[in-house]
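Step one of this worksheet: look at the structure below.
Where a number appears in this text, it was derived from the coordinates with a stated rule and is not lab data. Worth saying up front: this structure is predicted, and the values here are computed from it rather than measured. Cβ atoms come from the backbone with ideal geometry, glycine included; neighbour counts cover every protein chain shown.
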Amino acid sequence: MKPPPLDATAVWISREIKFPRQLFRARFSPDGHTIAAGGQDRLVHLWDLRGEEPLHRSLNGHETWLSSLAFHPTAPRLFTADYQGVIHCWNYLDENSSKPIWTIPSADRDNVRSLVVTPDGRHLISAGDDAIIKFWRTDNGKEFIRLEGHHDCIFSLAVSPDGKHLVSGDLLGTIRQWDLADGSKFVRVLDASLLHTRGEQFLADVGGVRSLAFNAEGTLLAAGGMKDAKSNAFCPGKPTVLVFDWLNGKIRSELRIKGKSDGPLNSLCFLSNGTLAGHTEILHANSELVFWKIDQPDPLHSLVNPSAYELSLHPDGRQLLAACYLSGGSSGNGARKRDREKYISNGSTLRVFSLYRQPADT
Amino acid sequence: MSAAIDRLITAKAGGPLAPVADDAAFLRRIHLDLVGNIPTSVQTRTFLRDKSAGKRSRVIDQLLASKNFAEHWTDRLSVMLLERQQLSQVPDDEWRAYLKKSLQDQPRWNVLIGEMIAATGKGESRAAMRFLGKGNHHRLTEDISRLFLGRDLECARCHDHPSVDDWTQAHYWGLYAYLNQTRLATHSGEKRSYFVENLATKKVEFQSVFFDDQEDTGPRLPGGKEIPIPTFDEHQGFEKPAADGLPAVPKFRPRERLARDLASGRNNLFVRNSINRFWKLMMGRGFWMPLDQAHSENPPSHPELLDLLERQFVAHQFDIKWLLRQIAFSASYQRSSRLPPGETEVEPESYRVAHLKGLTPEQLLHSILRATGNEEVRAQESTGEEKFDHRGYFTGTNTGLPTAYADIRTIFVETFGQPSGVPEDDFAPGLNKALFLMNDRLVLHWLQPRKHNLASRLAQMKSPDAIAKELYCAVLSRLPEEDEQQELSTYLEAHPDRRRAGLSDLIWALLTSTEFRLNH
Amino acid sequence: MPHPGSTSCQSPFHALSRRRVLGLLGGSIGFGSLVQPAIAREIAKKNKQVCLIWLDGGISQFESWHPLPGSQFAGPFRSIPTSIPGIHFSELLPHTARIAHKISIIRSMCTKDPNHSTGVPRIQRGDPIDRGVDYPYLGSAVAKLLGPADPELPPYVWIKPGNGGFIAREAGFLGAEYGALALGDGKAPIHIHRPESISAQQDEARQILRERANQRFKSYRGSSEIDAYETSYRMARQLMARKDIFDDTRIDPGDRERYGSHPLGRHILRARHLLESGVRFVKVNSYHWDTHSDNFNMSQRLIPQIDQPFAALIDDLDERGMLDDVLVVLMSEFGRTPIINSRLGRDHWPDCWSLALAGCGIRRGAIVGNSDRDGVFVDGTGYDIGDLFHTIFSVLGIDPRRKKYGHKGQKLAIAHDECGPIREVMT
C-alpha cells in the first residue's frame, strides 16, 4: 500500500513518551530506531523504538544539564554536550558499554549550546558561550580547528546540505558563514539583528539566533528566535523566523505565528516539500507546533502543544520529534501547600508528530 | 446654617477661640479656596479700602458665581477623583470641560458622581467615563468605597478587615458584585470604546483566606439590602440585541443601580463622606481623619454638626455651592490662624484656630504667576512641535525653558504633587520642593523684570514705601508692617549697586516664605 | 570629607560633634528630631550606617548563595568553593566567593508573600503586625530611628535606575521628611545646582530675608508645619553645600574598573562614596531580576553584575576600617522556585530563600540555616522578614523590643512583635 502523502496540515501525534524530568534536547538516530534525549537530570536517555513499547536506558557521564546532542551520520556514535563545557562520545548501540568512548573536558568555557556533525562524518563542530567555534575529529575527539569572530555567545550552528558551508548564529543576531571546503574561511555576515533586543533599562542582551536550518536544496536559510523583547526578566518577545535567500544573503521573508507564545523559536526544521516547521514556548500555558510556507508570513498550519525546545526530523522525512514541557502540577509562584511530597518537578513528554493523514485504523 | 456651624463648633471648643481673621487674611483665604488663586494687588487694596458692611459676604457670592470657581474646583475634584492618574479613555480637556460645565450654576454632587459611576460613554456626558478608567473591577471597588463611602476596604478583599470591626469582606464583595459585569467594548464603526455590562447570572463567590467557608453575595451596599439577581428565560435577559461590535444590553444592569443607590440621600455613608471631604477642603481638617477611615472606632469630632449638615445637604439637593457657601459664611471658617493670646498649642479637632493648608501644586503655580505678574503664561499654548522633555528638565539633559502652560503645570505637579494614584496630601515640605523654588530657572526667570511684571513695576518705583506696599500687596495680599517696610529699605540701601537684583531677592524671599506657601 | 569611622585628627568624634554643635547653634532640628543628649552610646550609634542593595524581582538562590549541586532542582552552573572551608557558592559569584569569610549568608529565609506588588513593600517594611498604618520602608525607618549620620546630609539616599527626585512614599506614616533623596542613575537632581545668575552672596542675602519673613509668620502661630518648611530649606542648602559628593569626575578610574561599568557597578561605587561622606542609609536598587523566563541565561549575565561590585564594596569597607560600622544587606523580595517552568525560568519562591549580610555586628563567614535536600523548604524553622528587621535594628544599636514609633498618640512596634533577632548571624 502506498503511504499517505506528506501533509503538514494533517499533523497528528503518533507517539508519546512521558518522562518525569525536564528534557531540553531530543533527536532521532540516523536510522530512526533510537531517540536520544537529555536535560535536567544529567543523564543521556536512549529509547529504542523498535519494539511495541519503547525500551529505555540511560548513560551516566555528565555532571550537569545536557545542552546539546548530535548523532554521527553513519557510525554508531552519539555526541552529547553540557552546560559546563564537557562533550562525551558514546557508542549508543552497544548496550554493554556505559562509558564514553572519548571525552572533551572543556570544549567551551561554559555552555556548549550547539553541536553538529559534518555530512561526511569526519568532524564534530561545537559552539557556545565562549563564542569560539571548534572542530573535533569524531574518531578521537581531538581539536582540529577553531574559528573566532563572534562577539558573544553562539546559540546555533547548521551545515548546508552539500556540506560546503557552516553557519553560526549568536546572541547579538549575527550569523556568520564559513567555507568548510577551503580551510573554513570566514565568508560573510548575515544580519539577523532583528532577533536581538537590548532595551534602555535592560541589564542583559535578550534573544539571539536560537535556531538555524537550511532547506533541502540549500537555497534558503531560516533563522529562528524572537524580536521586540520587552524585558530581560520575563523575556517576552514575538517569535520570529527570518528566511534568507542563500545566494544573496538578503532576508526574503519574515515569518510570525498566530497562536500563543512569548518566547523564541528554539528549533526549526525544513520538510522535503519546502514547508518549514518550528516550535515555540510560552510561560505556564500551551504553545504550538507551527508550519509555514516560507513566502507567507502567517503559518500554513499549527497545532496546540506544550512548549518545546528542540525539533528533530525522522530520516523518513515524515515524522518530527519534539522534547515538550509537561507540568508536574506545582508550577507558579510560591508553594500552594507546604507539603514536601507534593512538590514535584516538571517533566517532559517526547512527542512524535506524523506529518500525513492519520490512517483510519489508528 | 452658618450660625449653627459656629454654635456647634463653639460648644465643643474647650478653650478660647482665635478671633476672626483680618480682612487681608480673609480675602486671601477665600480667593484660594474658592477660585484657587491669591487676589490681585488691586483686589486686595480695594477690599481693604472698602468700609461697607457685608463686604465679605459679597466677595464670597461673587467668587462662587465666577468662572474661576468652576475652573479651580475642576482641579480640586479631578485630583480628588482621579488622584492624578493619566486615564486615557477620555482626553484631559474633555474631562475638564465636563467637570467645568457641571460646576457652573448649581452643581449637584450626587448627580455628578452618579453620572461617573453609571457612565457608558454614550451621549453628552461621555467624559464622565474617565473615572471608571480601564474598568478594573477590584480597583473600582476599592476606589468607590474609599472615595464615596470613606472606607478603605482594600484589606477586606481577602478577609474581614483586621482592625476595623465594621468593615467586612461581604462589604467588599457586595460592592464588587455591582461592578463585575462591567467591561470596555469597542464600537466597530466608531472605533471608540464604551463601557458595557454583561448579563449577571449568579452571585459573586468569595472565601476568606482564614476560613474554608465559601460565601456569596449579590450587589449590596454596606448596610443595605442585597439586590436579587433576576433570572430570565433564555435570550429574554436583554433589552437590545448586540450591534456594531457592542454586546447585547442586559435588562439588569447592576452598575446603573449602584449609581442610583450609592449617590443618594438615602445612603448616609455617601452623604457624610461627601460632607467630610468638602469640609476638609475648606477647613483644612475633616470631621474624621484620615478621610478613608469612616468607622465606629474613629468617630467624627462633631457628630451633631455632621448630622445637621447631612440633613441640610440632602435637603439642598447636594448643591456643592450651597455647602461651600454655608461653610465660608461661618465665623469658624473665617477665624484667624493666629493662636489666641496665651495659647501655644490647640487640639486640631477643636477648630479653635484656622488650620494652615498647603497650597496645591495648581494653587501654588497660579499664585506665583499672579504675584510675580506673569499671568500671561497661563494663556501660552503648546506650539505643537517637539514635546517638552519634562524628565530631562529635572535631570539636566533638557536645558530649555518650557513655554507652554501645560508643560509648566506638569513641572509643578511633578514637583509639588503626589505621585499618580496617591491621594492628595496635606502640606508636606520637602528637600526637592525647597531646591526647586531656590534654583529653578523658570521661577527665577519670572523674577526678572519683563513687560509689566512685578519686578518691572517695582523697578520703576522710587520710594521704598511704595515698593514695600506694592510688593506685599502683590505677593502676600496684605499691606506691609512697619518693620517690614524698614527691612526693605535697609536691604535696598545695602545693595545700591544691584538694585534690580535686590528687588528680585525681595520678591523671591516672600514667594518662598511660609506665609506664601500656606493658605493661612 | 572624612568618614566617621576613620581615625586620627579627623576622628568621628571630632567630625560628628563639631557638625552637631554647628547644627545646634543654627537652631537646627536637623533631619528629623535628632538632637538628644549626646551620651556615649548615642555617639557610637551615630557611626552606624547601612547599605541596602535591592535586586528587585528576586535573585535565584540556586544560582547564587545556595547552589545545592547535584540536587533535583539545581541549575546547570558549577558550584565553586569559597573562602569559608566547605561552603560553596554558584560559579556566578567568583568575586564574592573570595571574600565569603567577610560576610554572612542566611539560607533559610521563609517569608509570606509570593507577589511583587505586595511583596516588595511588605518585605521592605519588615512585614510588621497590621495596625492599619503604612509602615516605613527600612531606609525611612533608619532615617527616623537614627537620624542622619551627618546632619548636613539627608539620612536616606536611594540610588536607582531611571528618574530621581525626592521620593516620599517610602516614609509611610513617618511623613514625607523621612522619604528618600533619589539619585536617578546615581546622579543628583538638577535643582541641587544654583544657577549662575545667583551669586553665593546674593543667595545668602535672600535666604536671610526669607528666614526673617518666616520668623515673623511663626511668631503668632508656633506651628510644626512652619518648622518643617524651614527645615526643608535648611536641608536643601546643606545638601547644596555638599554637592561634591555626587560629582562623577572625582571617581577614581581604578575603582570604576573594579566595580564594573554596568549600572550596579557604578551605583554601588556611588554608594560607597556616599557612605564615606556620611550618609546614614543608602539603598541601591536594581530592577529586572524577575527571571520567570530564561532564568539561566539571564542569571549568567545578571549575577556577575552584582558579584563584582558587592565584593569590591565589602573589600573597600573592610580596608577602610568601616565594615564594623556599616551594615550591608543584599537581598530581594523573595527567592525563585526550585521547579523550572516551561520557559526555563524560575517563578517566585518565598518559602525558602537566601540573602547576604555583612558588617556592623554581623558575624564574618557565618552560613546560617539550611534547606531540605532539594532546596524546597527550610530545614527546621525559617526566618521571616520580621526576624531580619529585628537583627538589623539590633546590630544598629536600636532595641526593637523597647524602641517604638509614636504615631497619633499610639506606640507602634518598629518590627514584628512576634519575631526576634537572628542570633546566629550576630557577633
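What's the average, rounded to a whole number, of partner chain beta-carbon atoms within 10 Å of each residue's beta-carbon in C:296-306?
Per residue, the number of nearby Cβ atoms from other chains is 4 on average.
List the residues whose amide H sits under 5 Å from the amide H of residue A:307, counting only those 5 or more places along or on another chain, with H placed 1.01 Å from N in the peptide plane.
Counting only residues 5 or more places away or on other chains, the set is A:282, A:287, A:325.
Among DSSP beta bridges whose residues both lie in chain C, state the antiparallel percentage, nearest 5.
Counting DSSP beta bridges with both partners in chain C, the antiparallel share is about 50 percent.
At what distance in nm do the modelled label points of residue C:118 and residue A:140 sit from each other, each positioned 7 Å from its Cα along Cα→Cβ?
Here the modelled spin labels are 6.5 nm apart.
Just counting partner chain Cβ atoms within 10 Å, what average do the residues of peptide A:328-336 show around their Cβ?
6
At a 10 angstrom cut-off on C-beta neighbours, averaged per residue, how do the peptides B:482-491, B:145-154, B:251-260, C:324-333 rank from highest to lowest?
C:324-333, B:145-154, B:251-260, B:482-491
What shape does region A:9-354 have by the C-alpha gyration tensor, where a ≥ b ≥ c are the square roots of the eigenvalues, rounded means a/c under 1.5, and otherwise prolate means a/b greater than b/c and oblate the rest?
It comes out rounded by the Cα gyration axes.
Provide B:193, B:456 in ascending order of the number of other Cβ atoms located within 10 Å of each residue's Cβ, fewest first.
Least crowded to most crowded, the residues run B:456, B:193.
Sorting check: for B:132-138, C:57-63, C:259-265, B:362-368, which peptide has the highest mean count of neighbouring beta carbons within 10 Å, and how do the rest follow?
Packing proxy ranking, top to bottom: C:57-63, B:362-368, C:259-265, B:132-138.
Please list, in chain and number order, the residues 5+ apart from residue B:289 or on another chain whose amide H is under 5 Å from its amide H, with Hs placed from the backbone.
none
Could you tell me which residue out of A:60, A:333, A:269 lies farthest along the dipole of region A:9-354 toward its positive end? Charges go on the beta carbon: Lys and Arg +1, Asp and Glu -1, centred on the Cα centre.
A:333
With springs only between Cα atoms under 10 Å apart, run a GNM on chain C and tell me which of C:76, C:338, C:114 wobbles the most.
C:76
Starting from the Cα of residue B:399, move 7 Å in the Cα-to-Cβ direction to define the label point; list residues of region C:179-218 whose amide nitrogen is under 20 Å from there.
Under 20 Å, as judged by backbone N against the label point of residue B:399, lie C:187-200 of region C:179-218.
In the protein assembly as shown, with Lys and Arg counted as +1 and Asp and Glu as -1 at Cβ, which of these residues, B:486, B:369, C:176, has the Cα nearest the positive end of the dipole, that is, farthest along it?
Of B:486, B:369, C:176, it is B:486.
Report, by chain and number, residues whose modeled amide H sits under 5 Å from the one on residue A:131, excluding near sequence neighbours (fewer than 5 apart, same chain).
A:154
Sorted from fewest to most neighbouring beta carbons within 10 Å, what does the list A:341, A:95 look like?
Result, fewest neighbours first: A:341, A:95.
Which order results if B:80, B:438 are arranged by neighbouring Cβ count within 10 Å, fewest first?
B:80, B:438
So what is the calculated 222 nm ellipticity per residue for chain C, using -39500 (n - 2.57) for each DSSP H run with n of 4 or more, over all residues, to the nearest 500 deg cm²/dmol?
Taken over chain C, the calculation gives -10000 deg cm²/dmol.
Rank B:245, B:179, B:167 by how far each Cα sits towards the positive end of the charge dipole of chain B (+1 on Lys, Arg Cβ; -1 on Asp, Glu Cβ) and give me just the farthest.
B:245
If each of residue B:7 and residue B:101 carries a label point 7 Å out from its Cα toward its Cβ, how far apart are those two points in nm?
4.2
Residues of region A:49-68 with amide nitrogen under 20 Å from the 7 Å Cα-to-Cβ point of residue A:361?
Backbone N within reach: A:51-53.
Counting partner chain Cβ atoms within 10 Å of every residue's Cβ in A:109-118, what's the average?
Partner-chain Cβ atoms within 10 Å, mean over residues of A:109-118: 1.
For n ≥ 4 DSSP H runs only, could you compute -39500 (n - 2.57) per run for chain B, divide by its residues and tell me the 222 nm figure to the nearest 500?
For chain B, the value works out to -14000 deg cm²/dmol.
At 7 Å along Cα-to-Cβ for each site, give me the label-to-label distance between residue B:452 and residue B:57 in nm.
The answer from the label model is 3.5 nm.
If you average the C-alpha positions of region A:298-343 and of region B:52-86 separately, how far apart do those two centres end up, in angstrom?
62
Pairs to check: B:134/C:187; B:12/B:357; A:227/A:293; B:12/C:404. Give those whose C-alpha atoms are more than 26 Å from each other in this structure.
B:134/C:187; B:12/C:404
Too long at a 31 Å Cα-Cα cut-off: which of A:99/C:102; A:18/A:238; C:243/C:403; B:321/C:144; A:342/B:202; A:142/A:185?
A:99/C:102; C:243/C:403; B:321/C:144; A:342/B:202
Got a sec to turn the phi values of region B:487-494 into Karplus ³J(HN,Hα) couplings, 6.51 cos²θ - 1.76 cosθ + 1.60 with θ = phi - 60°, whole Hz, x for Gly and Pro?
Values, residue by residue: 4, 5, 5, 4, 4, 5, 5, 6 Hz.
Under 19 Å from the Cα of residue A:2, which aspartates and glutamates turn up, not counting those fewer than eight places away in the same chain?
A:316, A:361
For the peptides B:98-104, B:24-30, A:305-311, what is the packing order when you average, over each peptide's residues, the other Cβ atoms within 10 Å and list the highest mean first?
Ranking, from highest mean packing down: A:305-311, B:24-30, B:98-104.
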